[in-house]
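Please treat every number below as a calculation from the coordinates, not as lab data. Everything numeric here is computed off the predicted structure, so don't read it as measured data. Cβ placement follows ideal geometry from the backbone for every residue including glycine, while neighbour counts extend to all protein chains displayed.
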Amino acid sequence: MRRGFALLLCAALGALAARPARAQVVDADSAFTLGDFAKARALYEQVLAADSLNERALWRLALLDSWDGFLDRSLGRFARARALDPANPDLMVAEARVLSWAGKTGAAVVLYDSALAQDTGRVDALAGRAQSVAWAGDLDRAEALWRAALADHPDDASLLVGLAQTLYWKGEPGLARAYADRARAVAPEDATARQLERELHAAVRPDVGTSVTGAGDSDNETFYAQDLWITAPLFHDVRGTLTGGWRHDGDPLRSDNSYGVSGLVTAPLGPTVGARAGIGVRRLESDSGNHTPFTAQAGLSWQPAPFAALSLGYGKAAFDETAFLLEHGLTIDNLDFEADLDPKPTISLSGAAGGTWFSDGNRRLSGLVSALGGLGHGVSAGVLGRMMGYRTPNRGDGYFSPQRFTVLEARGIYNLRRGQWGLRADGGLGGQQILAVSGTSAPWQAEWHLAATLSRGWNGGEITLQGFYTNAAGASTVGAFRYHSLTLAVHQGL
């Protein structure tokens, strides 16, 4: 009798003690849902102090720790929560995401696979696995995973954004832009899933950045330039970009400057079509006089198939590539067509054609074709052919040389991703032929280029350092046989 009474008393006291804990969990969940994370953290900590095995508190505190950058502490709490509920696929996906952020991509993929074994169509696990594989450096496999997931979920914005990012890392901006436009077109405005909202916000949030470039060639032509920009959503899926820039051109005889500001608006016209339009002004200042031409741009992009992207663009700009050209106040009208085909994750084909008309009556036509094949482990190899030519011959004053330029090149590319770090190395070796001012063709000669880009990303931002060096005559307006440039760029999402 006494023993029974004691048991009843203990049960009653336990129920009374559990009731405040349950109430604290409810209050903490409410604060978490409303975005008051400081209050939620304090309440979850109180719950955990009273019950160290409370799975809900461990889970939510692990999430909060990961968002605050305390990844080791977060993973420790996830491990304790999963020990209490090892078969919970939601916990698997949440822990896998933090493992990936911490650079433990192999362990993350294992957990994503475990969650997918229970539900093969789980989109957050499909996206997380592909992203982890991409961060591990296997971009070809990551692209294949994104595409396989999109085959079953063609309008999922998180998958479209992920594929766009992977294609961008692979050096395929045309396709990347097309998938990003699709993501903005199909994303519902009332998305409530927190992770989807976070990924969409990262794709469309306001972004500010700057880039600084210095370049020179073997004819002692140099330039230094800086651009600053801010990009932000205007309404619905329409985005605007405001850019301002300065450029200093110099040679042994002169030194001049130009300044400009421009605005650009981009918008998806449908799931596969995007448009852009912009206008600006450029101030050219030199000893021979000042000029202030207007600038403009417009374009359409179309993705007729999942593996293809086409774009057509027009631009009107001041031609201030050298100090000599800046003094003459030249303007150009440019029309470009580009096509990117990616029939398989390991095969990339691209082509471009363009025409440029100068305000002094000159004309330049150009064309490019390239093919790349993935060899695995981030390595690709292929070929490139390019030709350009001017209608007006060189007048003996350093203006537009050579008259025609042809290059055939074997290329090799190496892409390395390790978490937020990225390295892209691009090299080529081939031959070039130059049609001289006199109209006679020079013998074929060796041509090469080297380029490298190092990047480091963080939550909503990235810094990149890019170097380029070549002996291709077509790389320089004046036809110099050595050209180099170095660019530092930083951008940050707001």
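Using the Cα centre of segment 207-493 as the reference point, and only Cβ charges (+1 on K/R, -1 on D/E), how large is the resulting charge dipole? Debye, rounded to the nearest 20.
640 debye
Let me know the volume per residue of the alpha-carbon convex hull for segment 261-340, in Å³.
82 Å³
Helix 37-50 versus the longest principal axis of the chain: what is the Cα-based angle in degrees, 0 to 90, to the nearest 10?
30 degrees
If I model a spin label at residue 418 and residue 368 as a point 7 Å from the Cα along the Cα→Cβ vector, what separation in nanometres do I get?
Here the modelled spin labels are 3.0 nm apart.
Please list 270-281, 317-328 highest first by mean number of surrounding beta-carbon atoms within 10 Å per residue. If you can, show how the numbers build up before the last one.
Details: 270-281: 17.1, 317-328: 22.4.
Ranked by mean Cβ neighbours within 10 Å, highest first: 317-328, 270-281.
With viscosity set to 1.306 mPa s at 10 °C, what whole-number translational diffusion coefficient in µm²/s follows for segment 316-431 from Stokes-Einstein and a Kirkwood radius over Cα pairs?
After rounding, the answer is 95 µm²/s.
Among 162, 430, 274, flag the residue with its Cα farthest along the positive direction of the charge dipole of the chain, charges on Cβ as +1 for Lys/Arg and -1 for Asp/Glu.
Farthest along the dipole direction, towards plus: 162.
In nm, what is the difference between 0.36 nm times the number of residues separating residue 49 and residue 79 and their Cα-Cα distance?
9.0 nm
Determine, for 92, 388, the number of other Cβ atoms within 10 Å of each Cβ, and report the residues in order from fewest to most.
Ordered by Cβ neighbours within 10 Å, fewest first: 388, 92.
Express in whole angstrom the spacing between the alpha-carbon centres of segment 284-339 and segment 44-118.
One Cα centre to the other: 50 Å.
Starting from the Kirkwood Rh over alpha-carbon pairs, what translational D in µm² s⁻¹ does segment 207-493 have by Stokes-Einstein at 25 °C and 0.890 mPa s? Can you show the working numbers first?
On the way: Rh = 20.7 Å.
Estimated via Stokes-Einstein, D reaches 118 µm²/s.
Under Stokes-Einstein, with the Kirkwood radius over Cα pairs standing in for Rh, what whole-number D in µm²/s applies to segment 192-346 at 37 °C and 0.692 mPa s?
182 µm²/s
Expressed in whole Å with the largest first, what are the equivalent ellipsoid semi-axes of segment 238-308 derived from the C-alpha gyration tensor as the square root of 5 times each eigenvalue?
Details: eigenvalues 254, 37, 16 Å².
Over the Cα atoms of segment 238-308, the semi-axes work out to 36, 14, 9 Å.
Let me know the charge dipole size of the chain about its Cα centre in debye, to the nearest 20, where only the beta-carbon of Lys, Arg (+1) and Asp, Glu (-1) is charged. Present the calculation step by step, with values, prior to reporting the outcome.
On the way: 45 positive and 52 negative charges, 252 e Å.
For this selection, approximately 1220 debye.
For the residues 416, 34, 63, what sequence is obtained by ranking on other C-beta atoms within 10 Å, fewest first?
Listing 416, 34, 63 from fewest to most nearby Cβ atoms yields 34, 416, 63.
Taking every pair of distinct Cα atoms and averaging 1/r, then inverting, what Kirkwood hydrodynamic radius in Å comes out for the chain?
25.9 Å
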